[in-house]
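Reading through the structure tokens given below for one structure.
The values are calculated or read from the model by the stated rules, or taken from the named source; none is laboratory data. From a predicted model like this one, the values you see are computed outputs, not experimental measurements. Quick reminder, even Gly has a Cβ in these numbers, built from the backbone with ideal geometry, and neighbours come from all protein chains shown.
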Amino acid sequence: MNFFRFLKSKSFFTQIGIGVISILLFVAFLQWWLGFTTNHDQKIQVPDLHKMSLLDVENTLKDLDLDFLVIDSASYNPNYPKKSVIEQTPEAGDFVKEKRKIYLTLNPSKYRNIRIPDINGLSKREAITQLQSVGFKIGEVSYVPDIGKDVVRGLKSDDKKVKPGTKLSKNTVIDLILGDGKGN
């Protein structure tokens, strides 16, 4: 019975009132403090960094009090200058706060190197399919005397014979040397 009497007493309601007021004051202080420390209404618009060099990016972002981090190099894209920005996160036009990092993906300086597969003895169609699937382009086709018609007997790049296993840049033009079917 003492417990129920305490729930109806003046000291219980005083303690409840002090607790509620304390919580309200704490929430108000926390809201003011978070607004002050997080720069709540601050907005900096992210500039378009596409096709910019790293030096230009650094100067542009330094003026806006933003930072950047290079996260990756993508596959080479000939439409963009070498070592320029291909992709950025957050995107251009988004709003961020000061000191925010902009994550950049750069264009490598050239295509990556790929090994030439061993296609000697394959048919023209199989050879073309294999070379194109790994990233090479097919150039001229020449014929040499050989018993096999349209069978690969060699490869050339820039008028030099190349052997299987040689590394060449992706999108390199490779000329095929095929048998004419009239040889011994």
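Overview of values
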quantity: Residue list for the stretch 1-44, restricted to those being outside any helix (DSSP H, G or I) and either over 29 Å from LEU64 (Cα atoms) or modelled with pLDDT of 90 or more (or both); calculated: MET1, LYS8, SER9
quantity: Residue match in the stretch 152-164 (condition: without any contact (Cβ under 8 Å) to a residue 60 or more places away in the chain, over 22 Å from TYR76 (Cα atoms), in contact with a helix residue (DSSP H, G or I) (Cβ under 8 Å, 6 or more places away or on another chain) and in the same structural domain as GLU126 (by TED's automatic domain parsing)); calculated: yes
quantity: Condition met for LEU178 (of a type outside the set (Val, Ile, Thr) and within 26 Å of SER75 (Cβ to Cβ)); calculated: no
quantity: Test: SER169 is surrounded by 14 or more Cβ atoms within 10 Å (Cβ to Cβ) and either farther than 28 Å from VAL70 by Cβ or not basic (Lys, Arg) (or both); calculated: yes
quantity: Number of the condition not met by LEU49 [criteria: (1) loosely packed, with under 14 Cβ neighbours inside 10 Å; (2) assigned to a loop (DSSP other than H, G, I, E, B)]; calculated: (1)
quantity: Qualifying residues in the stretch 94-126 (those that are touching a strand residue (DSSP E or B) at 6+ places or on another chain (Cβ under 8 Å) and small (Gly, Ala, Ser)) - the one surrounded by the fewest Cβ atoms within 10 Å (Cβ to Cβ); calculated: GLY121
quantity: Test: residue in the stretch 113-125 that is of a type in the set (A, V, I, L, M, F, W, C), at pLDDT 90 or above, not assigned by TED's automatic domain parsing to the domain that holds VAL57 and not in a loop (DSSP other than H, G, I, E, B); calculated: no
quantity: Selection count where residues are part of a strand (DSSP E or B), under 19 Å from PRO108 (Cβ atoms) and of a type outside the set (Ser, Thr, Tyr), scope the stretch 52-74; calculated: 5
quantity: Yes/no for THR60 being β-branched (Val, Ile, Thr), closer than 16 Å to VAL96 by Cα, in the same structural domain as PRO90 (by TED's automatic domain parsing) and surrounded by 10 or more Cβ atoms within 10 Å (Cβ to Cβ); calculated: yes
quantity: Test result for ASN77, polar (S, T, N, Q), assigned to a loop (DSSP other than H, G, I, E, B), more than 27 Å from GLY165 (Cβ to Cβ) and in contact with a strand residue (DSSP E or B) (Cβ under 7 Å, 6 or more places away or on another chain); calculated: yes
quantity: Matching residues, the stretch 80-109, being assigned to a loop (DSSP other than H, G, I, E, B) and aromatic (Phe, Trp, Tyr); calculated: TYR80
quantity: Residue in the stretch 63-80 that is among the charged types (D, E, K, R) and in contact (Cβ under 8 Å) with a residue 40 or more places away in the chain present; calculated: no
